[in-house]
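Input: a single structure, listed below in structure tokens.
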């Protein structure tokens, strides 16, 4: 029996969300956050939000506690913890979920990926995020948020969507491993590193900066343009076997979302990403400009 096609596309525009508001079985989730000001999201949500939205916090609910010397900055939560969080948000097996942030989808993509990894298909990210909703004057809700009726969320994790650090390390010399780094070009080359103690990239990785999935207005490129972009990055390798990472497993999910929007096979995510890779000094690091395929650069 074939799996039904989701009613929600991976990326949804504000007009589409406006037409859905008030329908039963819809949950809008506010993922606004600021890495430099962790209280920003809660404050912004308390001031105004999309009507009926509930809020989730990147670091307290969508990440496990950091274990110094073992994990990256935003470790994956356990499946049971995520089931509890999502159920509290009112997300059940048939809930349609639309997620927004004020970071061009960079944080919303984390929850989108988590839901997809846990087997939930009815999930979309609001294109353009908060500004796409608030700036044109779509309705806002202020004051205390309405209580959410809890649901029972039962996860069915898709193991093939995840690559762990041991697998990446073991396959560094495997020509079929296509690693894609979602960080900025300067961070990829190791010229700057604003968040982690070591600069550089995983050897063999090629670069696809997540913000380049967007146009000058912060909206996702059309599917055809995204497809062209990632096919060029992959250089003929299978999209579904590519492994994406970033600084801590958050914006790497933006590339997974963009490839899904492009109609390509769902790639894999290395959730620990760069901040996990560097906790073990025996893991190799490359810096400098990479040749096609990401193979060139000094090894440290």
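What follows is calculated from the coordinates using simple rules that are stated; it is not laboratory data. Note that the structure is predicted; figures quoted are calculated from it, not measured. When we count neighbours, we look across all protein chains shown, and the Cβ atoms used for this are built from the backbone with ideal geometry, even at glycine.
Working from Cα pairs under 8 Å separated by at least six residues, relative contact order for the chain is 21 percent. Between the helical axis of 223-234 and the longest alpha-carbon principal axis of the chain there is an angle of about 20 degrees. In the chain, the longest principal axis of the Cα atoms and the axis of helix 79-88 are about 30 degrees apart. Per the Debye formula on identical point scatterers at the alpha carbon atoms of region 65-202, with no solvent, log10 I(q)/I(0) at q = 0.18 Å⁻¹ is -1.28.
The average projected area of region 160-299, computed from the convex hull of its Cα atoms over all directions, is 7.8 nm². Taking the number of Cβ atoms within 10 Å of each Cβ as an exposure proxy, the fewest-first ranking of 246, 154, 178 is 154, 178, 246.
Grouping the Cα pair distances of region 231-273 into 10 Å bins from zero gives a pair-distance distribution of 32, 56, 12 percent in increasing distance order. Cα convex hull, the chain: 135 Å³ per residue, rounded to a whole number. Fewest-first ordering of 158, 278, 202 by other beta carbons within 10 Å of each residue's beta carbon gives 158, 278, 202. Compared with the dominant Cα axis of the chain, that is its longest principal axis, helix 108-117 is turned about 80°.
Just subtract the alpha-carbon distance of residue 13 and residue 78 from 0.36 nm times their residue separation and send over the number in nm, one decimal.
On the way: separation 65, 0.36 × 65 = 23.40 nm, distance 3.13 nm.
Here the segment from residue 13 to residue 78 would lengthen by 20.3 nm.
Over region 1-123, the hull volume per residue, using the convex hull of the C-alpha atoms, is 121 Å³. Going by neighbour counts of Cβ atoms within 10 Å, the residues 138, 45 line up, fewest first, as 138, 45.
Using the rule -39500 (n - 2.57) for each DSSP H run of four or more residues, divided by the residues of the chain, the 222 nm mean residue ellipticity is -7000 deg cm²/dmol.
Taking the DSSP beta bridges in the chain as the whole, what percent of them are antiparallel, to the nearest 5? Of the beta bridges lying entirely in the chain, close to 20 percent run antiparallel.
In this label model, residue 172 and residue 238 are separated by 2.4 nm, measuring between points 7 Å along each Cα→Cβ vector.
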